[in-house]
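Only one structure is covered here, and it is reproduced in the block below.
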Amino acid sequence: MKILLVNPNRYRTPPVPPLALEYLSSGLRGSGHQARLLDLCFADFPENVLDREMESFQPQVAGFTIRNIDTALYNNNVFFLDEIKALLERVKSHCIPVIAGGAGYSFSPRGVLEYLGATWGIWGSGEKALVRFLDTCEKNPPQEGEIIDGWEYAPDPDLEVTGRGTEIDYGRYVAEGGIIGFETQKGCLADCSFCPEGSGRMIYRRPQRVVDELRELAGRGFREFHLCDSEFNQNLDFCLEFLALLASQGPEISWALYMKPVPYDEELFRLLKRSGANLITLSLQVSPKELKHAREISRLCRKHGIRLAVDFLCGLPGETLEEVRGAIENLRSIRPDTVGVNSFVRLCPGTGVTREISGSDKHRKHVLGDLNGTPPFISPVFYNIIPVEALREMIGDDPLFRIEGFERSTNYQRLREAP
């Protein structure tokens, strides 16, 4: 079959290259199917570009990657699905069915499919699932509205990524402040009460293939990267194996990554430094145990010359102003390089926090948005018990902290030029 892989994500502060489509395209090589990748991020008139591709390529199906539903921040929130829906409808006007996938899609597979009007969906890992879907689609297409569980088609930990193509203009992304991504693993083992990403399932790529991929990109002149794993340190043994190989065989690069408070050891930080890691973003909540680990992680980062940013979420049900104030004072004494504070909890379908808030009159009065939206929680809904004014009073004039949502930039951008 002929499939047009479309990146409809046009948010450009900063622009993010469509890594998912690169990996899907790689997975389709040698499958007998013909794929073309269309990146609409920088298109002045994306509908016209889509029309031309429909006419010239004449695909039998189109695949849309949904990176995010919205910016997940209450202040200055940007909702992405309406623009994506218009582009998807443009494709369907050519009588081409659309299969949706991607990280944003997987947060609410049924809800996003219904909102967009996509024909089918793949949630979770898509590389092998898409090939299997195309193998059967031409002769026996699934019923409209069917959602494929990508994890069922990925029992092998090898993601079969064989390199990047040349259809993405990485130079344009970098010139506009973007950074090239890569993955070492898919999935998340965590069970955070506010996040739908933790499936309990993981796929680890072969470290040699990841290193080869980075060597190929470095050979094109790119030396700065961002890891796109949910959290890098989910399996410490795997991390150490990958880092040792990257440090010994990899190109000279710099890269940033996300981590959670555990697990870690000093060898992890030693190898991170040797492999070129220069920025860690640590995800924290109001928890004495997490803050204790944050203090030690901050010490190890300083020892090994790695910058540390903290994404601090507060204001979950049951937390008090006194607890949040204490956590902020703790972070003030830890002194990472920057701390982003967010007290607006984005509610997502199926999470523990969403169920707790939806079932409580006490909590529902602190909800901003429609709890009964259709589909539920696709249009942004937030929970907030700690107003911005209270955060500002706690933070004072300390430049270490910033309240998220009032500036559109990432940690790597904020610290890239800092002394």
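The values are calculated or read from the model by the stated rules, or taken from the named source; none is laboratory data. The structure displayed is predicted, hence computed values, not measured ones. Every residue, glycine as well, gets a Cβ built from its backbone with ideal geometry; the counts of neighbours run over all protein chains shown.
Here Glu127 meets the list (1) at pLDDT below 90; (2) within 30 Å of Val286 (Cβ to Cβ); (3) not β-branched (Val, Ile, Thr) almost entirely, failing just condition (2). Could you say whether any residue in the stretch 308-315 is part of a helix (DSSP H, G or I), outside the structural domain of Gly111 (by TED's automatic domain parsing) and not basic (Lys, Arg)? Checked against the condition, which is being part of a helix (DSSP H, G or I), outside the structural domain of Gly111 (by TED's automatic domain parsing) and not basic (Lys, Arg), the stretch 308-315 yields no hits at all.
Condition check ((1) crowded, with 17+ Cβ neighbours inside 10 Å; (2) touching a helix residue (DSSP H, G or I) at 6+ places or on another chain (Cβ under 6 Å)) across all residues:
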| site | (1), (2) |
| --- | --- |
| Leu214 | yes, no |
| Gly219 | no, no |
| Gly250 | yes, yes |
| Asp265 | no, no |
| Leu291 | yes, yes |
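Within the set Gly145, Gly177, Gly165, the sole residue that is exposed (fewer than 14 other Cβ atoms within 10 Å of the Cβ), at positive phi and not hydrophobic (A, V, I, L, M, F, W, C) turns out to be Gly145. Against the conditions (1) out of contact with any Asp or Glu (no Cβ under 7 Å at 6 or more places or on another chain); (2) within 22 Å of Tyr23 (Cβ to Cβ); (3) of a type outside the set (Lys, Arg), Phe80 satisfies every one except (1). Please work out if Gly340 is in contact with a strand residue (DSSP E or B) (Cβ under 9 Å, 6 or more places away or on another chain), closer than 25 Å to Leu81 by Cβ, part of a strand (DSSP E or B) and small (Gly, Ala, Ser). Yes: the conditions hold for Gly340.
Remark: pairs (first residue in the stretch 38-52, among the small types (Gly, Ala, Ser); second residue not in a helix (DSSP H, G or I); Cβ separation under 7 Å; 6+ apart in sequence or on different chains) are absent. The numbered conditions (1) closer than 14 Å to Gly126 by Cβ; (2) surrounded by fewer than 23 Cβ atoms within 10 Å (Cβ to Cβ) are all true for Cys41 except (1). For the stretch 348-369, the candidate set comprises residues that are in contact (Cβ under 8 Å) with a residue 60 or more places away in the chain and part of a loop (DSSP other than H, G, I, E, B); within that set, the residue that is farthest from Phe406 (Cα to Cα) is Gly350.
Any residue that is surrounded by 20 or more Cβ atoms within 10 Å (Cβ to Cβ), modelled with pLDDT of 95 or more and farther than 30 Å from Trp255 by Cα - is there at least one of those in the stretch 320-343? Yes, the conditions are met somewhere in the stretch 320-343.
Entry remark, the stretch 1-39: residues being within 17 Å of Gly171 (Cβ to Cβ) and of a type in the set (A, V, I, L, M) number 3 in total. The set of residues from the stretch 370-412 being touching a Ser or Thr at 6+ places or on another chain (Cβ under 9 Å) and assigned to a helix (DSSP H, G or I) comprises Val388, Ala390, Leu391, Asn411, Tyr412.
The residues on offer are Pro207, Pro196, and the sole one that is more than 18 Å from the chain's Cα centre (by Cα) and either within 17 Å of Pro263 (Cα to Cα) or not acidic (Asp, Glu) (or both) is Pro207. On the given criteria, is Arg36 assigned to a loop (DSSP other than H, G, I, E, B), under 27 Å from Glu224 (Cα atoms) and in contact with a helix residue (DSSP H, G or I) (Cβ under 6 Å, 6 or more places away or on another chain)? Taking the combined requirement at face value, the residue does not satisfy it.
If the condition is being surrounded by 21 or more Cβ atoms within 10 Å (Cβ to Cβ) and under 13 Å from Leu243 (Cβ atoms), then the stretch 253-263 contributes Trp255, Leu257, Met259.
Here Val262 clears all of (1) assigned to a strand (DSSP E or B); (2) at pLDDT 95 or above; (3) not small (Gly, Ala, Ser) except the condition numbered (1).
Yes/no per residue for (1) more than 20 Å from Asn411 (Cβ to Cβ); (2) of a type in the set (D, E, K, R); (3) buried (at least 17 other Cβ atoms within 10 Å of the Cβ):
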{"site": "Glu152", "(1), (2), (3)": "yes, yes, no"}
{"site": "Thr184", "(1), (2), (3)": "no, no, yes"}
{"site": "Leu189", "(1), (2), (3)": "yes, no, no"}
{"site": "Ser193", "(1), (2), (3)": "yes, no, no"}
{"site": "Gln208", "(1), (2), (3)": "yes, no, no"}
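In the stretch 115-150, what residues are farther than 25 Å from Gly200 by Cβ, in a helix (DSSP H, G or I) and either without any contact (Cβ under 8 Å) to a residue 12 or more places away in the chain or not hydroxyl-bearing (Ser, Thr, Tyr) (or both)? Within the stretch 115-150, Leu116, Leu134, Asp135, Thr136, Cys137 meet the criteria. (1) more than 17 Å from Ser379 (Cβ to Cβ); (2) outside any helix (DSSP H, G or I): which one isn't true of Leu73, the others all being true? Checking Leu73 against (1) more than 17 Å from Ser379 (Cβ to Cβ); (2) outside any helix (DSSP H, G or I), the one that fails is (1). Gly318 falls short on exactly one of the conditions (1) out of contact with any strand residue (DSSP E or B) (no Cβ under 9 Å at 6 or more places or on another chain); (2) closer than 15 Å to Asn342 by Cα, and that condition is (2).
Scanning the stretch 76-104 for residues that are in contact (Cβ under 8 Å) with a residue 40 or more places away in the chain and not in a loop (DSSP other than H, G, I, E, B) gives Phe79, Leu81, Glu83, Ile84, Leu87, Leu88, Arg90, Val91, Gly101, Ala103. All conditions in (1) under 14 Å from Asp311 (Cβ atoms); (2) surrounded by 20 or more Cβ atoms within 10 Å (Cβ to Cβ) hold for Arg402, with the sole exception of (2).
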